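S.K.: Encoded as structure tokens, here's the structure I'll be asking about.
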Amino acid sequence: AEAAAAAARATAEAEAAAKRSEEERLAALAAVETRRKAREAAVAKLAKKAKDPIRASLQNKENYYACSRMTLYLTHGDGTEMRTVPLKSIDKVSMGPDGASMRVMGVDGEAILELVVADYPMDVLSDFFSKLARK
């Protein structure tokens, strides 16, 4: 009887751990979504203030990139870390040296942004970079 009770306790503990794990996973997904919305809202607010609407955007779990007619917005995390780059300070948009990435180069020769092609759907990536190249 003790062995059966111990087995029942072990099963209950395992089920409780699985439930906690699922709750943690759902909470993590909700946190990612909250950060994504915060990044989008921060960029949209700046673009609206500048009367320069967003023409294209790209995002992954931690970053949000947006391009308007005059500005490239680069955000990380919850949107509080943001860098804006005037499009006129971009020299060129090209493939990276390995061919597996796309990069945005500044007129000063600095790599402003480099994205791994495999991380994004190709149609979304090409749309973003074509809008970026058309200043």
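The values are calculated or read from the model by the stated rules, or taken from the named source; none is laboratory data. Because the structure is a prediction, the values reported are computed rather than measured. Cβ sites come from the backbone with ideal geometry, for glycine too, and all protein chains shown count toward neighbours. Surface areas here come from the heavy atoms of the whole protein model, side chains and all, with no ligands, DNA or RNA. Shrake-Rupley method; radii C 1.70, N 1.55, O 1.52, S 1.80 Å.
S.K.: Which residues, taken from region 37-82, are part of a loop (DSSP other than H, G, I, E, B) and over 18 Å from Leu125 (Cβ atoms)?
M.R.: The answer is Ala50, Lys51, Asp52, Pro53, Arg69, Met70, Gly77, Asp78, Gly79, Thr80.
S.K.: Going by what's in this entry, would Glu23 be described as open to solvent by 20 Å² or more (accessible area, probe 1.4 Å), touching a residue at least 12 places away in the same chain (Cβ under 8 Å), of a type in the set (Asp, Glu) and in a helix (DSSP H, G or I)?
M.R.: No, not satisfied.
S.K.: Look at Ser101 and say whether it is touching an Asp or Glu at 6+ places or on another chain (Cβ under 8 Å), free of Cβ contacts under 8 Å to residues at least 24 places away in the same chain and within 28 Å of Ala28 (Cβ to Cβ).
M.R.: The answer is yes for Ser101.
S.K.: Please identify the pairs in which a residue from region 40-55 that is under 12 Å from Met82 (Cβ atoms) has its Cβ atom under 8 Å from the Cβ atom of a residue that is open to solvent by 70 Å² or more (accessible area, probe 1.4 Å) and not in a loop (DSSP other than H, G, I, E, B), counting only partners at least 6 apart or on another chain.
M.R.: Hits for this filter: Leu46/Thr84.
S.K.: Residues in region 85-118 that are farther than 25 Å from Leu46 by Cβ and either modelled with pLDDT of 90 or more or not in a strand (DSSP E or B) (or both): how many?
M.R.: 8
S.K.: Collect the residues in region 99-133 that are within 17 Å of Ser89 (Cβ to Cβ), of a type in the set (A, V, I, L, M, F, W, C) and open to solvent by less than 70 Å² (accessible area, probe 1.4 Å), keeping them in residue-number order.
M.R.: Val104, Met105, Ala111, Ile112, Leu113, Phe129, Leu132, Ala133
S.K.: Which numbered condition trips up Ala4, out of (1) out of contact with any helix residue (DSSP H, G or I) (no Cβ under 6 Å at 6 or more places or on another chain); (2) part of a strand (DSSP E or B)?
M.R.: Among (1) out of contact with any helix residue (DSSP H, G or I) (no Cβ under 6 Å at 6 or more places or on another chain); (2) part of a strand (DSSP E or B), the lone unmet condition for Ala4 is (2).
S.K.: When you check Lys19 against the structure, is it over 18 Å from Lys131 (Cβ atoms) and not aliphatic (A, V, I, L, M), yes or no?
M.R.: Criteria met by Lys19.
S.K.: Something else now. Taking only region 48-79 into account, find how many residues are open to solvent by less than 10 Å² (accessible area, probe 1.4 Å) and among the acidic types (Asp, Glu).
M.R.: Final tally of qualifying residues: 1.
S.K.: So, Ala16, is that one open to solvent by 40 Å² or more (accessible area, probe 1.4 Å) and either small (Gly, Ala, Ser) or assigned to a helix (DSSP H, G or I) (or both) or not?
M.R.: Considered against the rule, which asks whether it is open to solvent by 40 Å² or more (accessible area, probe 1.4 Å) and either small (Gly, Ala, Ser) or assigned to a helix (DSSP H, G or I) (or both), Ala16 comes out as yes.
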